[in-house]
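Below is one structure, written out as structure tokens; comments come after it.
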Amino acid sequence: MTASLLSSVFASEGASSFPILPALIFVPMIGAVLIALMPSSRPELSRQMAIITALLTGILSIALLIEFKTDDAGFQFVVQQTWVQSLDIKFFLGVDGISLFLVVLTGILFPIALFAAKPEHSPKGYYAWLTLLMAGCMGAFLSLDLFLFFLMFEITLVPLYMLIGKWGHGRRVYAATKFFLYTMLGSAFMLVSIVTLAVLAGAGDKGGVSFDFTKIIATDNLATSTGRWLFLGMAIAFAVKVPSFPFHTWLPDAHTEAPTAGSIDLAGILLKLGTYGFLRYGLELFPEATVWFAPVMLTLATIGVVYGGIVAAMQRNLKRLVAYSSVAHMGFALMGLFALNVEGIEGSVLQMINHGITTGALFILLGFLYTRRHTYEISQLKGIAKVAPIFAGVFTLVMLASIGVPGLNGFVGEFLVLLGTFIAHRWWAVIAATGVIIAALYLLWAYQRVFQGEPDEANKTFPDLKISEKLVMVPLVGLIIFLGIYPKPVLDRIAPSVKRVVTRLEVQVDGFHEPITRNGADLLHITESSHTLTGEHALGVATNGQGANQ
Amino acid sequence: MIASLLAQVPIEPIDSGIVHVAGPSIDWLALLPMLILLVGGLLTLTFSSFLKKHAPKRLFTWTTVAIAVAAAISVVPMWARVQGWNSVLWWNLDQAHTGPFSTAGGAVGIDGFSLFITVVLCAGVVLAALLADGFLRRESMSGPEFYVLVLLSAVGGVIMAMSNDLIVLFIGLETLSIAVYVLAGMNLRRVQSQESGLKYFILGAFSSAFLLYGIAMLYGATGSTNFVDIRDFMAAVVPIHNGLLLLGLVLVLVGLAFKISAVPFHAWSPDVYDGAPTPATAWMASGVKAAAVAGLVRVFMLTFSNYASTWKPIVYVLAILSMVIGAALAIVQSNVKRMLAYSSISHAGFILMAIEANSTNGITAAAFYVAVYTFMVAGSFGVATIVGRKGDGNHQLSDYKGLVRSNPWLAGSFIVLLLAQAGVPFTAGFFAKFLAITAAADAHAVPLAIIAMVSAVISAFLYLRIIVAMFMSGGDDGTEDVIDRSKRLRVPFAASLAIGICVVVTVGYGIFPDLLLHPARNATPAAVQFERPTDSINLGSAGSSSGSTTAGR
């Protein structure tokens, strides 16, 4: 079984002659270097360069989406190049249905973040760091070598540290340092886990060290307890990054003080490194430990959903509010992963994408608000809907998507996650579902305080969206509506890879069967693709007789 | 060693009545790096007394650089021989013997490790000389003494790296140390420098006494001071009453741990690093540390490697203490030189972790770490040299405020070097840490690896503090990115060259680690018995070709 999985992994090697994946990393990287070399007396050049770089990378990521073969569950566009021979470290890239949309999201969100916000000072460094951050994010999503992944995961810290620390507001140095150290502490455990895994798995030549992801998942040398410890090490790093309760305390500070573009990319892309990491380097690398830890992770995720929502409702600062709402939303993404069934994981991947779009859009709108009023305090804002109706309208739409109103993108992901979790662990889903209501509470309440009523003196002159600002919002609003109405193209591409992961869990873990409902086909007519998927699983149910776990 | 030297001077009466005496054969080519440094240092001293005031102002800097580079180049044929290469570039070698070997009566061992460390030491000399150039003129300390002392201490370091005998190790350590004591106290105008020289001397003398006492005990316990003999002895016997052996080992460990400033033998280093002239500090943190690590590797990983269960726990504890305490004390400092001193204690802990692994991977990691650390720390102290300004006293964190605006390139270099020390990816510092924890994980010391990474995070806070001071304060908030020329510090060409080399090497090896990893993997110490050649050099006058006087085995 493993062998056939592996063959499917490599089946698509060399599908494209143009090395599109390395280009996705190197274009922004080279762009960052070029920006750094430009004269600081000509700031407009560095901005143009940054926009060209980010747009080019975005176009490449769209091209990747078009070229991507929908039905292929394995890794596509694989590129391998030996880097450190003696340790079998490779420059090894590949993309599958899980990473595909995160790459596309990175490709879309970065140019938008560039258009949406300008630095208040020192533009050259700002643009250089931002493009470097893009390269790091791309690299982390595309890596298939554990070592390379770690490098990319870790290198993203430096640009964001600089962005928050130099271009942020208020207590920016405190927030940046906290962010850096918190994340680095998590990564410290991950590095030890990766190294130990590479040594113990012995996937290299003659049982030597190897960091090759595909080689390591083909080995089976880990003792159960070792696997659990290693999973724990990885989990700490990813839980900090997600951030999952109780490792979330860095996020509100980082968001509050970050410049707009930093917030957009932090919430939109970097948090996904955590959930993506859980999926790729947790579920796939340590199947047994995943199953064993699933209840714990589900509990943490559920606490995150509810706690994040309640704390968000208490915030007086709009950016902090959105930051805590991120904790709640990412809790959903984490929850879906550890439901360990196709619906849950699919929903989780979709939730990552949706959260990137909606929260990215929210932070852009907050950025517009900040440039007008220089505050995020809810108490300072009043009646903005009267003076800026278009701004309020766009905000309403994005907010409703974030709440998870049907017909907008947020709903599809959250629904699938809750469905998957309900099948696997009913009560967790029931508790987490209250998170949706809490989300409605804090967002609508904030909306009411900020946008409704009569504008006071300070808010009377609040200008509405400019044409350039409207243009920035167009793609995001379009995606919010499109994915809400017709998520099938996305789900179609995610599904095969997710199925691969779940099948591997079933094969690798004795006595584990994907938690699915007996009449899954009835429950799941929300999307066609899910329907076809569960159709197959329903057949599986008949033979193995497994019902819902609870 | 004395005994072994005497043992091979057999006096045989031959027919004619002339007595033939055979000394140990010496492969002069193998000692060439050390000899170049030694003769170069002595010649510099001699000629400077003739030139006195007529010396061109940068003469000694560049002669020192040339001497060190020549010494490093002279390593190449030996390296080729040890590795068994047939050619170096276009130069075809006809190797009669290949592989590691021992010479000078078994006093020195020429193997991958000793040659690797020799090159590292030469690099340290180059960097220290380049940094000293502008510094000495700024402080009106011009004169050849600094360069001579660095060269002579490098001789000691090379002797330590190639030592194959405890006595030779001690001679090397003393040669190294005495020169460095003087270096530390060289700045006559700064009372801290005087204090640091004296402090270093007294404590260093103590540690040397410990080392010597340990050597005596090891001799008593094993019957030899030669590494190979001791190794053979340890392999052949099971010591039952091993109190003497243990005490000897521990005392030797104390002596060497003092030199790499491992906790709890670290108390001298912040004061000495702070007080010493900054280029001398750069040399102390790079060269002295590299030589002491070489000593540790040769004694513990080579000589007593199959007695590892005894010393490993001690090194384990030293490594943890050094990493954690070094990092924790570093973050509460407000003086950048002291911060770097404490962080160098933490780095020593990482090297000890690699040594604790007691494996090939561990040696590779230690060699890689030492090489990389030489560049990272020399570059960092290089920046401190310049920011210290006239008087070498401005090392407070506040003196670094807004450095990015006055000297953007200098600040940028410092940021790279600090991030490398913190272990950020795509720098050589990351690979060094990575190899060290790989060695630890490979040796089933996962808790040690975890503690190492956590302490790396603690010390990251320290590096961030410096970066914040340079980069995020100094009134750049809300203002344009104007380069403020008025506060600009003058960076001498030689110093900027040194810092540039450090940055390029740090980043270069971070992106292409194989370039350094490959030699580091081949830098294995070897225990090779000294083979007394059959046609040894005879000191007698006649009948030398008869070859009658070898004391071979």
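Structure values in brief
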| read-out | value |
| --- | --- |
| Residue within region A:241-249 that is β-branched (V, I, T) and outside any helix (DSSP H, G or I) present | yes |
| Which listed residue is surrounded by 19 or more Cβ atoms within 10 Å (Cβ to Cβ), more than 12 Å from A:I357 (Cα to Cα) and over 20 Å from the mean Cα position of the chain (by Cα), from A:V490, A:V472 | A:V472 |
| Residue within region A:189-199 that is of a type in the set (G, A, S) and away from chain B (no Cβ under 11 Å) present | no |
| Search result, residues across region A:65-100 that are within 14 Å of chain B (Cβ to nearest Cβ), open to solvent by 10 Å² or more (accessible area, probe 1.4 Å), in a strand (DSSP E or B) and not polar (S, T, N, Q) | A:W83, A:K90, A:F91 |
| Number of the condition not met by A:H248 [criteria: (1) within 17 Å of the chain's Cα centre (by Cα); (2) within 10 Å of chain B (Cβ to nearest Cβ)] | (2) |
| Scope region A:112-126; condition within 14 Å of chain B (Cβ to nearest Cβ) and either in a helix (DSSP H, G or I) or within 23 Å of the chain's Cα centre (by Cα) (or both); matching residues | A:P123, A:K124, A:G125, A:Y126 |
| Selected residue [touching a residue at least 24 places away in the same chain (Cβ under 8 Å), farther than 28 Å from A:P295 by Cα and open to solvent by 10 Å² or more (accessible area, probe 1.4 Å)] from A:L419, A:L397, A:L362 | A:L397 |
| Residue match in region B:63-78 (condition: closer than 25 Å to B:Y369 by Cβ, at pLDDT below 85, not in a loop (DSSP other than H, G, I, E, B) and not small (G, A, S)) | yes |
| Matching residues in region B:314-360 - criterion: being under 13 Å from B:S459 (Cβ atoms), crowded, with 24+ Cβ neighbours inside 10 Å and of a type outside the set (A, V, I, L, M, F, W, C) | B:S322, B:G326, B:Y342, B:S343, B:S344, B:S346, B:H347, B:G349 |
| Verdict on B:F375 being over 26 Å from A:K124 (Cβ atoms) and touching a residue at least 24 places away in the same chain (Cβ under 8 Å) | yes |
| Yes/no for A:T156 being buried (at least 24 other Cβ atoms within 10 Å of the Cβ) and within 9 Å of chain B (Cβ to nearest Cβ) | no |
| Complete set of residues in region A:139-153 that are outside any strand (DSSP E or B), more than 14 Å from the chain's Cα centre (by Cα) and more than 11 Å from chain B (Cβ to nearest Cβ) | A:L144, A:L146 |
| Top-ranked residue in region A:450-469 [being open to solvent by less than 50 Å² (accessible area, probe 1.4 Å) and hydrophobic (A, V, I, L, M, F, W, C); ranked as nearest to A:V322 (Cα to Cα)] | A:V450 |
| Boolean, A:F211 is touching a strand residue (DSSP E or B) at 6+ places or on another chain (Cβ under 8 Å) and either free of Cβ contacts under 8 Å to residues at least 60 places away in the same chain or within 14 Å of chain B (Cβ to nearest Cβ) (or both) | yes |
| Helices (runs of 4 or more DSSP H) enclosed by region B:357-474 - at least 1 residues per element that are over 25 Å from A:F150 (Cβ atoms) and away from chain A (no Cβ under 13 Å) | B:360-387, B:403-406, B:408-422 |
| Residue in region A:215-224 that is assigned to a helix (DSSP H, G or I), open to solvent by 30 Å² or more (accessible area, probe 1.4 Å), over 17 Å from A:I236 (Cβ atoms) and facing chain B (nearest Cβ under 8 Å) present | no |
| Selection within region B:144-173 - within 14 Å of the chain's Cα centre (by Cα) and either open to solvent by 30 Å² or more (accessible area, probe 1.4 Å) or on the phi > 0 side of the Ramachandran plot (or both) | B:L152 |
| Spans of helices (runs of 4 or more DSSP H) in region A:251-346 with at least 2 residues small (G, A, S) and at pLDDT 90 or above | A:271-277, A:287-313, A:318-339 |
| Condition broken by A:T534, with the remaining ones in (1) at pLDDT 50 or above; (2) part of a helix (DSSP H, G or I); (3) surrounded by 23 or more Cβ atoms within 10 Å (Cβ to Cβ) satisfied | (1) |
| Positions within region A:159-181 being within 20 Å of the chain's Cα centre (by Cα) and more than 9 Å from chain B (Cβ to nearest Cβ), in sequence order | A:P159, A:L160, A:L163, A:I164, A:F179 |
| Test for B:F206: is it assigned to a helix (DSSP H, G or I), open to solvent by 60 Å² or more (accessible area, probe 1.4 Å) and touching a helix residue (DSSP H, G or I) at 6+ places or on another chain (Cβ under 6 Å) | no |
| Subset of region B:506-553 (residues that are surrounded by fewer than 17 Cβ atoms within 10 Å (Cβ to Cβ), at pLDDT below 75, closer than 30 Å to B:V293 by Cβ and touching a helix residue (DSSP H, G or I) at 6+ places or on another chain (Cβ under 8 Å)) | B:Q529 |
| Some residue of region A:52-59 being in contact (Cβ under 8 Å) with a residue 60 or more places away in the chain and part of a loop (DSSP other than H, G, I, E, B) | no |
| Residue tally, condition of a type in the set (K, R) and open to solvent by 80 Å² or more (accessible area, probe 1.4 Å), over region A:35-49 | 1 |
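The values are calculated or read from the model by the stated rules, or taken from the named source; none is laboratory data. If you're wondering where the values come from, they're calculated on a predicted model, not measured in any experiment. In this analysis, Cβ positions are derived from the backbone assuming ideal geometry, glycine residues included, and neighbour counts consider all displayed protein chains. SASA here: full protein model, heavy atoms, side chains in, ligands and nucleic acids out. Shrake-Rupley method; radii C 1.70, N 1.55, O 1.52, S 1.80 Å.
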